[in-house]
Amino acid sequence: MTWTLGEIAERLGGELIGDGARPIARVRTLDEAGPGDLSFLTHPRYLEAALRSGAGALLVARRLEGASCDQVVVASPSAALAQVLELLHPEPEATAGVHETAVVGAGCRVDPSAGVGPYAVLGRRVSVGAGASIGAHVAVGDDCVIGAGAVLHPHVVLYRRTVVGERTVVHAGAVLGADGFGYATEDAGHRKIPQVGDVEVGAEVEIGALSAVDRALLGTTRVGDGSKIDNLVQVGHNVQIGRGAILCGQSGVAGSARLGEGVVLAGQAGVSGHLEIGAGARVAAKSAVYQSVAAGTTVAGIPAQPIAAWRRQQALLRRLAEIWRRLLRLEGPGARGEGES
Amino acid sequence: MTWTLGEIAERLGGELIGDGARPIARVRTLDEAGPGDLSFLTHPRYLEAALRSGAGALLVARRLEGASCDQVVVASPSAALAQVLELLHPEPEATAGVHETAVVGAGCRVDPSAGVGPYAVLGRRVSVGAGASIGAHVAVGDDCVIGAGAVLHPHVVLYRRTVVGERTVVHAGAVLGADGFGYATEDAGHRKIPQVGDVEVGAEVEIGALSAVDRALLGTTRVGDGSKIDNLVQVGHNVQIGRGAILCGQSGVAGSARLGEGVVLAGQAGVSGHLEIGAGARVAAKSAVYQSVAAGTTVAGIPAQPIAAWRRQQALLRRLAEIWRRLLRLEGPGARGEGES
Amino acid sequence: MTWTLGEIAERLGGELIGDGARPIARVRTLDEAGPGDLSFLTHPRYLEAALRSGAGALLVARRLEGASCDQVVVASPSAALAQVLELLHPEPEATAGVHETAVVGAGCRVDPSAGVGPYAVLGRRVSVGAGASIGAHVAVGDDCVIGAGAVLHPHVVLYRRTVVGERTVVHAGAVLGADGFGYATEDAGHRKIPQVGDVEVGAEVEIGALSAVDRALLGTTRVGDGSKIDNLVQVGHNVQIGRGAILCGQSGVAGSARLGEGVVLAGQAGVSGHLEIGAGARVAAKSAVYQSVAAGTTVAGIPAQPIAAWRRQQALLRRLAEIWRRLLRLEGPGARGEGES
């Protein structure tokens, strides 16, 4: 489907600079875009690439001087990009209806507008809301609830009593509701503490491929509305994640930790058990949080500390050799070194 | 099923403080428990929550002064909790019999008391012991052996010749027996070294969701009896893990490392290849072990060092700015800084 | 099948020391090998074990003095090991043909010599090349291309339009083509940026169990020919990986990073988004790369720095307590400590 640049600018509420009649067929990267394509500049890092791009038009945050192509100036090029991709590259529609090979247990309620793919297995008393899409090979345990418009990609596994909110997307291979990791260590070994709680994922959440959210020991492990979880992320039992949190790839949260609204964990970050990470706090990539973090704070390092302190420490670490030499110079030639006597 | 508090106390061998006739229907968290519920205090961190809990009774390690509810004093509240959860929240029984959609290869021996779920695929000559439970979509390669009472949750994959011990539990999506990561690098590229060994997991092991245990190059990768492995853990080829080890979430062990009995790897810890981690050694969260660790030692850091040394180092790192200022003061106003001339 | 040691030496182009008529049935580890077995010494670490091994013959890089067994001296024992394992321990042949339970969508082209396992699900217009092997429960989206001789182990998931090159092996549970992690954060929350690009994996790549390679936002996420990716590795959207790269277990590469030919990421290493890692660069285990790395450089640490600088820093860190004591001694007894006044 083709739109004109003028129509697109109007949809985006952006300022058009150039030829409103230009037909735009699709969005492409700066390097690959041609005259019939729209591209975008979302980060100054790519300014050079934008200036030499062959794109017919660019989404920009402010008018780009020196660019030969048309431009649409918008408040947020990222948000505008999301909008225009939905327009020009719509997702294929999922098919409604239950595939003939799907196994649906007793007492399930599957909305007629929902789709259930080949070889999906639903346990007993599972509820699937309107327009929800259950992919191939998905395994859903007894008494799960899948909200309207939710998407479970192929190979997702939900253990019994897991709740997935409306319009939430769970990517392939993710496992929701496996047992939390809890043992009582006795002389005879590690005795399993039965994990009899459950998992509740809110609405408009996205959970990445091969991520795991464990069921609670008792009560409920919760992922708040609008939170986004990347691939290969671990969320331990009884963790409480607030609304709009972001957990990047391979990050992990140990049992019973509480993450407030809008918390961000960058890639490979880790949070120890039972901690409180206040609303809006951010944890830098690869950091390890051993203590609770106040709301709004950014922390970094192992163990994690406020990022300003971490930066000062890093700057001094780079001067460690200099510190050593200056110390030796101060001691003078007559000084006796430790371990050198 | 409802028990009285007195019956529970007797089962646990605990000391009853309060009303033995009190009916207890279930176990709940301190925050959620009401008068018909039992709760527990397993960590002093939750003392306040215990004192204000509405629970009818508490499992405690010692008599709690100032608590208004009944109490059962036991040696280990964690172990007692495990026991009482088994009593009050028994796991649903798995169904015996092979589901009509399961594919069972030639020469398999499946005990009549075992259950094989929908769309499970067993290769040739697979043995499944009494009472074992094979979940939906599980894929088992040729010549695997699954012990009595073992549980393979949905979507577990066993490559050929993998052995899973009695009463061992493998959670959804875990992969046992994939090829180890071994190549001979030649001018033409990386040549795969065929991984022709296998994997043997002992009895009463638990392996978390989406964890991987690679098959050996030659010989056998081993996980000892009673070891517990959390989610998203990587165990490389030819690794030998002793009895009762604990590998927390997202930890990893590179090829041919040997972990002694009772070794503990905390979350996101890593162990390099070919090392020896002695019995009872513990590795702190996010640490990287580059050298062998003596039995009984606790190590931390990147690279990991004995934890006392790591703590001293961390304390001095926090004083690095002070060291720098004191050094400058000693040098006096006339000193010439490096790089400042 | 049994070969003589002489035949094996000839195949390997190695120098035979000992009895060429010795029958060799298989390859075993140094500890387990007996008189009818071949073993190998690939690392000096195992010299002692080689000398006391009961193996009938050893593959070695140079003649081993003091060994009582026969020897085959080769340029690279690792490469020779790969060759002899292929000879003595050939992989079981995959079965050609589409299993009766597989679901094959409209417009698929499956070569008659390819195998498609039980319960595999192919979407529409999927192409499967000659001799390719699709395991049980594999889910392949619309318009995917699977090259000749490629192997998808059980439970692999390919989202739509993913391309897998010839002779590439993907291990169980790996997910190729899930959505990249991209959102525009607005007042109302995180708005998903549709990920409309795809994934292209080259020829002779190996991808480990439970690894994820995300589809591009636009354009293509690429894994170059001959690259080897271990288990539980995360490759973000729009990442470009050159030929012959090695990504060890649990490493991760954030979006739009570019890894040149032959780059090596050791275990649990991480690379931030949009960086350039030059050809042949190496990243040590558990390191976090926050800045681009020049070709041929080896880096280590968090943040990663050239490894020589990291080693000096580590050496000085171990002397931090000494630095502190020497500083105090220089200040003398009259000095006033900060925070001590």
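The values are calculated or read from the model by the stated rules, or taken from the named source; none is laboratory data. In this text, all values refer to a predicted model and were calculated from it rather than measured experimentally. Don't worry about glycine lacking a Cβ; one is built from the backbone with ideal geometry, like all the others, and counts go over all protein chains shown.
(1) outside any strand (DSSP E or B); (2) out of contact with any helix residue (DSSP H, G or I) (no Cβ under 6 Å at 6 or more places or on another chain); (3) more than 19 Å from A:His153 (Cα to Cα): which one isn't true of A:His190, the others all being true?
Condition (1) is where A:His190 drops out.
For every residue, the table says whether it meets (1) modelled with pLDDT of 95 or more; (2) loosely packed, with under 14 Cβ neighbours inside 10 Å; (3) in the same structural domain as A:Arg63 (by TED's automatic domain parsing); (4) among the small types (Gly, Ala, Ser).
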| residue | (1), (2), (3), (4) |
| --- | --- |
| A:Glu7 | yes, no, yes, no |
| A:Gly13 | yes, yes, yes, yes |
| A:Ile24 | yes, no, yes, no |
| A:Thr29 | no, no, yes, no |
| A:Thr42 | no, no, yes, no |
| A:Arg45 | no, yes, yes, no |
| A:Glu48 | no, yes, yes, no |
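Going by the conditions given, is A:Glu100 surrounded by fewer than 22 Cβ atoms within 10 Å (Cβ to Cβ) and under 30 Å from A:Gly13 (Cβ atoms)?
On the way: surrounded by fewer than 22 Cβ atoms within 10 Å (Cβ to Cβ): yes; under 30 Å from A:Gly13 (Cβ atoms): no.
Against the criterion (surrounded by fewer than 22 Cβ atoms within 10 Å (Cβ to Cβ) and under 30 Å from A:Gly13 (Cβ atoms)), A:Glu100 does not qualify.
How many residues are within 11 Å of chain C (Cβ to nearest Cβ) and either more than 16 Å from A:Ser272 (Cβ to Cβ) or among the β-branched types (Val, Ile, Thr) (or both) if we restrict to region A:232-253?
Final tally of qualifying residues: 9.
With respect to A:Lys192, is the statement that it is surrounded by fewer than 22 Cβ atoms within 10 Å (Cβ to Cβ) and either farther than 23 Å from C:Val175 by Cβ or free of Cβ contacts under 8 Å to residues at least 60 places away in the same chain (or both) true?
Details: surrounded by fewer than 22 Cβ atoms within 10 Å (Cβ to Cβ): yes; either farther than 23 Å from C:Val175 by Cβ or free of Cβ contacts under 8 Å to residues at least 60 places away in the same chain (or both): yes.
For A:Lys192, the condition - surrounded by fewer than 22 Cβ atoms within 10 Å (Cβ to Cβ) and either farther than 23 Å from C:Val175 by Cβ or free of Cβ contacts under 8 Å to residues at least 60 places away in the same chain (or both) - is met.
If you take the residues of region C:227-243 that are crowded, with 24+ Cβ neighbours inside 10 Å and more than 28 Å from B:Asp230 (Cβ to Cβ), which of them is nearest to the chain's Cα centre (by Cα)? Talk me through it step by step, then tell me what you get.
Step one: of region C:227-243, the residues crowded, with 24+ Cβ neighbours inside 10 Å are C:227-239, C:241.
Filter once more, keeping what is more than 28 Å from B:Asp230 (Cβ to Cβ): C:227, C:238, C:241.
Values: C:Ser227: 7, C:Asn238: 19, C:Ile241: 13 Å.
So, considering only residues that are crowded, with 24+ Cβ neighbours inside 10 Å and more than 28 Å from B:Asp230 (Cβ to Cβ), the one nearest to the chain's Cα centre (by Cα) is C:Ser227.
Exactly one of these conditions fails for C:Leu16: (1) among the hydrophobic types (A, V, I, L, M, F, W, C); (2) in a loop (DSSP other than H, G, I, E, B); (3) in contact with a strand residue (DSSP E or B) (Cβ under 7 Å, 6 or more places away or on another chain). Give me its number.
For C:Leu16, the exception is condition (2).
Within region C:98-121, can one find any residue that is free of Cβ contacts under 8 Å to residues at least 40 places away in the same chain, facing another protein chain (nearest Cβ under 10 Å) and in a strand (DSSP E or B)? Walk me through it before giving the result.
Taking region C:98-121 and keeping what is free of Cβ contacts under 8 Å to residues at least 40 places away in the same chain, we get C:98-121.
Filter once more, so that each one left must be facing another protein chain (nearest Cβ under 10 Å): C:99-103, C:105, C:117-121.
If we keep only those that are in a strand (DSSP E or B) too, we end up with C:103, C:121.
Yes, some residue in region C:98-121 is free of Cβ contacts under 8 Å to residues at least 40 places away in the same chain, facing another protein chain (nearest Cβ under 10 Å) and in a strand (DSSP E or B).
So, A:Thr185, is that one in contact with a Gly (Cβ under 9 Å, 6 or more places away or on another chain), more than 9 Å from every other protein chain (Cβ to nearest Cβ) and assigned to a strand (DSSP E or B) or not? Reasoning before the result, please.
Working: in contact with a Gly (Cβ under 9 Å, 6 or more places away or on another chain): yes; more than 9 Å from every other protein chain (Cβ to nearest Cβ): no; assigned to a strand (DSSP E or B): yes.
So A:Thr185 fails the test.
Taking the residues in region C:201-224 that are farther than 15 Å from C:Gly177 by Cα and more than 8 Å from chain B (Cβ to nearest Cβ) as candidates, determine which candidate is surrounded by the fewest Cβ atoms within 10 Å (Cβ to Cβ).
Here the residue is C:Ala203.
I'm checking my understanding of the structure. Among residues of region A:303-324 that are part of a helix (DSSP H, G or I), farther than 11 Å from B:Leu317 by Cα and of a type in the set (Lys, Arg), which one is modelled with the highest pLDDT?
It comes out as A:Arg311.
Please indicate, with yes or no, whether at least one residue in region B:282-294 is of a type outside the set (A, V, I, L, M, F, W, C), under 23 Å from A:Val289 (Cα atoms), surrounded by 24 or more Cβ atoms within 10 Å (Cβ to Cβ) and within 12 Å of another protein chain (Cβ to nearest Cβ). Break it down stepwise before answering.
Taking region B:282-294 first, the residues of a type outside the set (A, V, I, L, M, F, W, C) are B:282, B:286-287, B:290-292.
Still in the list and also under 23 Å from A:Val289 (Cα atoms): B:282, B:286-287, B:290.
With the extra rule that they be surrounded by 24 or more Cβ atoms within 10 Å (Cβ to Cβ), the set shrinks to B:286-287.
Of the ones still in play, those that are also within 12 Å of another protein chain (Cβ to nearest Cβ) are B:286-287.
Yes: region B:282-294 contains one or more residues that are of a type outside the set (A, V, I, L, M, F, W, C), under 23 Å from A:Val289 (Cα atoms), surrounded by 24 or more Cβ atoms within 10 Å (Cβ to Cβ) and within 12 Å of another protein chain (Cβ to nearest Cβ).
Take the residues of region A:263-281 that are on the phi > 0 side of the Ramachandran plot and at the interface with another protein chain (Cβ under 9 Å from one of its Cβ atoms): which is nearest to the chain's Cα centre (by Cα)?
Start the filter on region A:263-281 by keeping residues that are on the phi > 0 side of the Ramachandran plot, which leaves A:268, A:274, A:280.
After this cut, where a residue has to be at the interface with another protein chain (Cβ under 9 Å from one of its Cβ atoms) as well, the list is A:268, A:274.
Working: A:Gln268: 12, A:His274: 22 Å.
That would be A:Gln268.
Here is a list of conditions, (1) of a type in the set (A, V, I, L, M, F, W, C); (2) free of Cβ contacts under 8 Å to residues at least 40 places away in the same chain; (3) surrounded by 24 or more Cβ atoms within 10 Å (Cβ to Cβ), and A:Phe181 meets all of them except one; can you say which number that is?
Going through the list (1) of a type in the set (A, V, I, L, M, F, W, C); (2) free of Cβ contacts under 8 Å to residues at least 40 places away in the same chain; (3) surrounded by 24 or more Cβ atoms within 10 Å (Cβ to Cβ), A:Phe181 breaks only (2).
B:Ser133 - would you say it is surrounded by fewer than 24 Cβ atoms within 10 Å (Cβ to Cβ) and under 23 Å from A:Ala120 (Cα atoms)?
Working: surrounded by fewer than 24 Cβ atoms within 10 Å (Cβ to Cβ): yes; under 23 Å from A:Ala120 (Cα atoms): yes.
Considered against the rule, which asks whether it is surrounded by fewer than 24 Cβ atoms within 10 Å (Cβ to Cβ) and under 23 Å from A:Ala120 (Cα atoms), B:Ser133 comes out as yes.
What are the residues in region A:115-162 that are within 25 Å of the chain's Cα centre (by Cα), at positive phi and not small (Gly, Ala, Ser), if any?
Across region A:115-162, the qualifying residues are A:His137, A:His155, A:Arg161.
Does C:Val140 fit the bill of being under 25 Å from A:His171 (Cβ atoms) and in contact with a Ser or Thr (Cβ under 9 Å, 6 or more places away or on another chain)? Full working, then the answer.
Working: under 25 Å from A:His171 (Cβ atoms): yes; in contact with a Ser or Thr (Cβ under 9 Å, 6 or more places away or on another chain): yes.
Answer is yes for this residue.
Are any of the residues in region B:155-168 closer than 25 Å to B:Asp179 by Cβ, away from chain A (no Cβ under 14 Å), in a loop (DSSP other than H, G, I, E, B) and polar (S, T, N, Q)? Before the answer, list the steps.
Going through region B:155-168, the residues closer than 25 Å to B:Asp179 by Cβ turn out to be B:155-165, B:168.
In the following step, the residues that additionally are away from chain A (no Cβ under 14 Å) were identified as B:158-164.
Next cut, in a loop (DSSP other than H, G, I, E, B) only: B:159-162.
Narrowing the set further to residues that are polar (S, T, N, Q) leaves B:162.
Yes, region B:155-168 contains at least one residue that is closer than 25 Å to B:Asp179 by Cβ, away from chain A (no Cβ under 14 Å), in a loop (DSSP other than H, G, I, E, B) and polar (S, T, N, Q).
Of the numbered conditions (1) touching a residue at least 40 places away in the same chain (Cβ under 8 Å); (2) within 14 Å of chain B (Cβ to nearest Cβ), C:Leu16 fails exactly one; give the number of that condition.
(2)
Applying the selection to region A:79-114, what residues are more than 30 Å from A:Leu41 (Cβ to Cβ), acidic (Asp, Glu) and within 25 Å of the chain's Cα centre (by Cα)?
Quick first cut of region A:79-114, residues more than 30 Å from A:Leu41 (Cβ to Cβ) only: A:93-114.
If we keep only those that are acidic (Asp, Glu) too, we end up with A:93, A:100, A:111.
The answer is A:Glu93, and nothing else.
Does region C:166-176 contain any residue that is closer than 27 Å to C:Pro118 by Cβ, surrounded by fewer than 24 Cβ atoms within 10 Å (Cβ to Cβ) and touching a residue at least 60 places away in the same chain (Cβ under 8 Å)?
Filtering region C:166-176 for residues closer than 27 Å to C:Pro118 by Cβ gives C:166-176.
The next check asks that each one be surrounded by fewer than 24 Cβ atoms within 10 Å (Cβ to Cβ); those that pass are C:166-167, C:169.
Still in the list and also touching a residue at least 60 places away in the same chain (Cβ under 8 Å): none.
Taking every residue of region C:166-176 in turn, none turns out to be closer than 27 Å to C:Pro118 by Cβ, surrounded by fewer than 24 Cβ atoms within 10 Å (Cβ to Cβ) and touching a residue at least 60 places away in the same chain (Cβ under 8 Å).
Mind counting the residues in region B:63-97 that are assigned to a strand (DSSP E or B) and either β-branched (Val, Ile, Thr) or over 21 Å from B:Arg26 (Cβ atoms) (or both)? Steps first, answer last, please.
First, pick out the residues of region B:63-97 that are assigned to a strand (DSSP E or B): B:70-73, B:97.
Those still in the list that are either β-branched (Val, Ile, Thr) or over 21 Å from B:Arg26 (Cβ atoms) (or both) too: B:72-73, B:97.
Adding up the residues that qualify gives 3.
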